[in-house]
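The values are calculated or read from the model by the stated rules, or taken from the named source; none is laboratory data. These figures come from a predicted structure and were not determined experimentally. Every residue, glycine among them, receives a Cβ derived from its backbone with ideal geometry; neighbour counts consider all protein chains shown.
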Amino acid sequence: MSTAAATALSQKNLLGIADLSPEEIVLILDTADAMKEVGRRAIKKVPTLRGRTVVNLFFEPSTRTRTSFEIAEKRLSADTLNVAIGTSSVVKGETLVDTALNIEAMAPSMIVLRHASSGACHLLSRICKAAIINAGDGMHEHPTQALLDAFTIRERKGSLSGLKVAIFGDLLHSRVLRSNLLLLRKLGAEPWVCGPATLIPPGLVDMGVRVTTKVDEAVEGADVVMMLRIQLERMQGGYFPSLREYFRTFGMTEERVQRAKPDVIIMHPGPINRGVEIASEVADGPYSVILDQVANGVAVRMAVLYLLAGGVDDETVA
Amino acid sequence: MKRLLRGARVVDPANGIDGQLDVLIDGERIGQVGRDLPVALADGGEVLDLSPSFVVCPGFIDMHVHLREPGQEHKETVATGVLSAVTGGFTAVACMPNTRPVNDNAGVTQLILQKAREANLARVYPIGAVSRGQKGEELADIAELCEAGCVAVTDDGLPIATAMLARRALEYTSMFGIPVIEHCEDQSLKGDGVAHEGPVAAALGLRGIPGAAEAITAGRDILLAEMTGGRLHIAHMSAWTTLEAVRQGKSRGVAVTAEVCPHHFTLTDELLAAPVPYDTNAKMNPPLRQARDRDAMLSGIVDGSVDVIATDHAPHHYDEKNVEFDRAPFGIVGLETAICIALDRLVRPGLIRLSRLVELMSVNPARILGVPGGSLAAGMPADITVLAPDLSVTIDRARLRSKSKNTPYHGWTFTGGVAGTVVGGRLVFASGTAGWPGRR
């Protein structure tokens, strides 16, 4: 970006991409470059968060995101604690606020929250002194996913500016989509979205995005193709008739990918449904960066943890 | 005992009155309204000397409140609800039947009326359920409810479940001359929505409730009212499309009336995003909608298509609201903010005159429910609301008299408030505002 580079995040929490300036996003991505280097060392650990406690508070099942955060925290030498629903007192009827207040009483530095309700992170941020990192709240945002997606795109394309990024799938329920749209717009990309009309929320067009139900139109000349997971319960909810019909109409096949730019990259936040939203040949193909995204997730989350901890004067990662 | 309210501006549209006049209260009833009434108070009466900056009106009636008793007394009781009512300038309230148990039988109605007599502040008019248990299956014992004192029926909180049941309700209630009050909401379209379906809900990731969910049920019931000749009252109208359906119905002569809540003519769904993102005190049903809807409600108030301003006073305990947005109950308290909002947002900018406000909040609710009030004619119950249109009021939730504090207007300042409330000739509330007389 041409404007002055950010050297720190202005907010205590990471609740969503909505709260970040373009300069702050670039700062996170630049910091993640340094963090990725840490991951290539023989001893993948720096003392940055030594003595700090990070609680991973997950009210929804998650393997990828929780594991990624935990590895990131451990590489920064934080003391980490995982609290997952089912083992927590939520099943005893405790409210989210009370659960958070009890964790807060043990003075963690940060809480990484995954929750099924949109806005749950905002609620916690109003009652907790600890920094809140949104690891996915309902249908709202999943900011570290969008950041790792941007990091991956930047790594391959050099910049996001002017890129046609076509996003396919469940546009109604996806928090990954919302965070990505905000981020892509802030960094000057041109997002397109495509999905069945039943899964396009009214008002999406107001987020500065081209909306279409025609896959060919969306994929035409795309620099980046980003697939969103189609959840089985959406079919049961009547949003589309069958998985078979979904794949016929919207599935990303080799044939459809041909319309994109020759150097297109194929992304997916995972977990993928082979043969539903994406053909295996595409997911496993040469243009697929799906596993790069997973690898980069650790570096990006290290960057977020590091910057929220406020330590830009730590030479061990510079 | 006689009491003279002297020198205020009296606005009594039912009798074509708007001017600086005196109002003589004789015991529990209005004695006389006139100029320079003699002060002959030998039997120990009193005079309240007011200036024309005060407005004396027939008592305001809120025809849509939830008093929560029996069953949810941690949110509100009849006693705290009527205290909140008179503090907010209402001399009477009509309370919704979605209590626990549901007010679908004379026993519950009588309990509410007994609690109201004990509290002895605002008048309370119970509204019975349309269907037994509000289950939407069979009609409640509506004749019994009417005999016990119910003034209308509704399944509020839910729509009347089917077109057939709505038809039967409109037909059956016509025998008693009471209206059917409808909470318009197509349940299948609402789904598990929590906010108005539009750009704000899309950005916040909240499940949407489209305006059409309201308008579809309103359209259904207006057609049924036309077919049956029954009386239909649309509760808490919020969508511009519903207003269009009401206008069309009225133009065809259908016996349909409609109410709007203060939040729906002042706020929009933008309040969900800022200043407090996901504020559960901005969550109500029907939801705050878009500017087009909000502006339509204002236009309906101005042009007469809206008959009533009612609050949908929906108290909820702090703990119930201090949760994730989608888990919080719908609703806000409204009794103590409605008049301030209406004076500030409708009368002060000149959208409507005071006489129209009195129609919306006193004359028309009394007429629709068929209850006394809405007029200062001699012999009417001496139910009087005294407004202070120039009073500056800052809403402080800690000072609300309702048991619950769930208002989105905390910290808002309005010009216009309540100076005093008289029920049955008794001054049951005086705000003690500057200019309010010391008694003599």
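A few comments on the model shown:
- Residue within the stretch B:314-333 that is within 17 Å of the chain's Cα centre (by Cα) and of a type in the set (S, T, N, Q) present: no
- Some residue of the stretch B:136-145 being buried (at least 20 other Cβ atoms within 10 Å of the Cβ) and not in a loop (DSSP other than H, G, I, E, B): yes
- The stretch A:90-113, residues that are more than 16 Å from A:Val304 (Cα to Cα) and buried (at least 22 other Cβ atoms within 10 Å of the Cβ): A:Ala100, A:Pro108
- Output for the stretch B:204-223, where each listed residue is more than 10 Å from every other protein chain (Cβ to nearest Cβ), touching a residue at least 40 places away in the same chain (Cβ under 8 Å) and not hydrophobic (A, V, I, L, M, F, W, C): B:Gly211, B:Glu214, B:Thr217, B:Arg220, B:Asp221
- Counting only helices (runs of 4 or more DSSP H) that sit wholly inside the stretch B:277-387, those with at least 3 residues that are within 14 Å of another protein chain (Cβ to nearest Cβ), over 23 Å from B:Glu197 (Cβ atoms) and at pLDDT 95 or above are B:318-321.
- Residue count, the stretch A:125-160 (criterion: away from chain B (no Cβ under 14 Å) and over 27 Å from A:Asp223 (Cβ atoms)): 5
- Some residue of the stretch B:34-48 being hydrophobic (A, V, I, L, M, F, W, C), closer than 27 Å to B:Ser404 by Cα and surrounded by fewer than 24 Cβ atoms within 10 Å (Cβ to Cβ): no
- Residues of the stretch B:47-68 satisfying the condition of being assigned to a strand (DSSP E or B) and at pLDDT 95 or above: B:Val55, B:Val56, B:Cys57, B:Pro58, B:Phe60, B:Ile61, B:Asp62, B:Met63, B:His64, B:Val65
- When residues of the stretch B:113-130 are limited to those that are free of Cβ contacts under 8 Å to residues at least 60 places away in the same chain and buried (at least 24 other Cβ atoms within 10 Å of the Cβ), the one nearest to B:Thr394 (Cα to Cα): B:Ala116
- Residues that are in a helix (DSSP H, G or I), more than 14 Å from every other protein chain (Cβ to nearest Cβ) and touching a strand residue (DSSP E or B) at 6+ places or on another chain (Cβ under 6 Å) within the stretch B:173-203 comprise B:Thr173, B:Lys190, listed in sequence order.
- Search result, residues across the stretch A:28-62 that are over 22 Å from the mean Cα position of the chain (by Cα) and of a type in the set (S, T, N, Q): A:Thr48, A:Thr53
- Candidates B:Gly81, B:Gly191, B:Gly157, B:Gly89, filtered to the one that is under 30 Å from B:Asp279 (Cα atoms), without any contact (Cβ under 8 Å) to a residue 24 or more places away in the chain and out of contact with any Pro (no Cβ under 7 Å at 6 or more places or on another chain): B:Gly191
- Here the stretch A:182-235 is the region considered, the condition is being modelled with pLDDT under 95 and away from chain B (no Cβ under 14 Å), and the residue that is nearest to A:Ala150 (Cα to Cα) is A:Arg229.
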